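Everything below concerns the one structure shown next.
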């Protein structure tokens, strides 16, 4: 899909930018979240199918969460904490990295 291709392109672009700008003191990393409880899900066909079956958003989230390794989706705040690490001095030697935050779903 165009969505998947664009995500892959951004990941490779970030790696190239990290290498190209390391001597300038710039760090470039990517954060790759999956299974995050956001409104984006509501535009997906799977959501619409489950919504017509279960009727309530709460029941749709529950049905989707049953498939996740941790039995739940990530909260946006959990993703934000990971991003905070990347922008902090604690990650001063991290560049060209991908942080996959998927609760083990892609493993």
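The values are calculated or read from the model by the stated rules, or taken from the named source; none is laboratory data. The model shown is predicted, which means the values in this text are computed figures rather than measured ones. Here the Cβ is made from the backbone with ideal geometry for all residues, glycine too, and neighbour counts use every protein chain on show.
Miscellaneous remarks
- Failed item, numbered, when residue 28 is tested on (1) at pLDDT 85 or above; (2) surrounded by fewer than 11 Cβ atoms within 10 Å (Cβ to Cβ); (3) in a loop (DSSP other than H, G, I, E, B): (2)
- Of all residues making up segment 86-97, the number that are surrounded by 14 or more Cβ atoms within 10 Å (Cβ to Cβ) and assigned to a helix (DSSP H, G or I): 2
- Criterion (under 18 Å from residue 106 (Cβ atoms) and in contact (Cβ under 8 Å) with a residue 40 or more places away in the chain) met by exactly one of 36, 28: 36
- When residue 95 is tested against (1) over 20 Å from the mean Cα position of the chain (by Cα); (2) more than 27 Å from residue 1 (Cβ to Cβ), only condition (1) is not met.
- Scope segment 56-83; condition in contact with a helix residue (DSSP H, G or I) (Cβ under 9 Å, 6 or more places away or on another chain) and either at pLDDT 95 or above or part of a helix (DSSP H, G or I) (or both); matching residues: 57, 59, 60, 61, 62, 63, 64
- Selection status of residue 17, surrounded by 11 or more Cβ atoms within 10 Å (Cβ to Cβ) and in the same structural domain as residue 88 (by TED's automatic domain parsing): yes
- Boolean, residue 49 is assigned to a helix (DSSP H, G or I), modelled with pLDDT of 85 or more, outside the structural domain of residue 92 (by TED's automatic domain parsing) and surrounded by 10 or more Cβ atoms within 10 Å (Cβ to Cβ): yes
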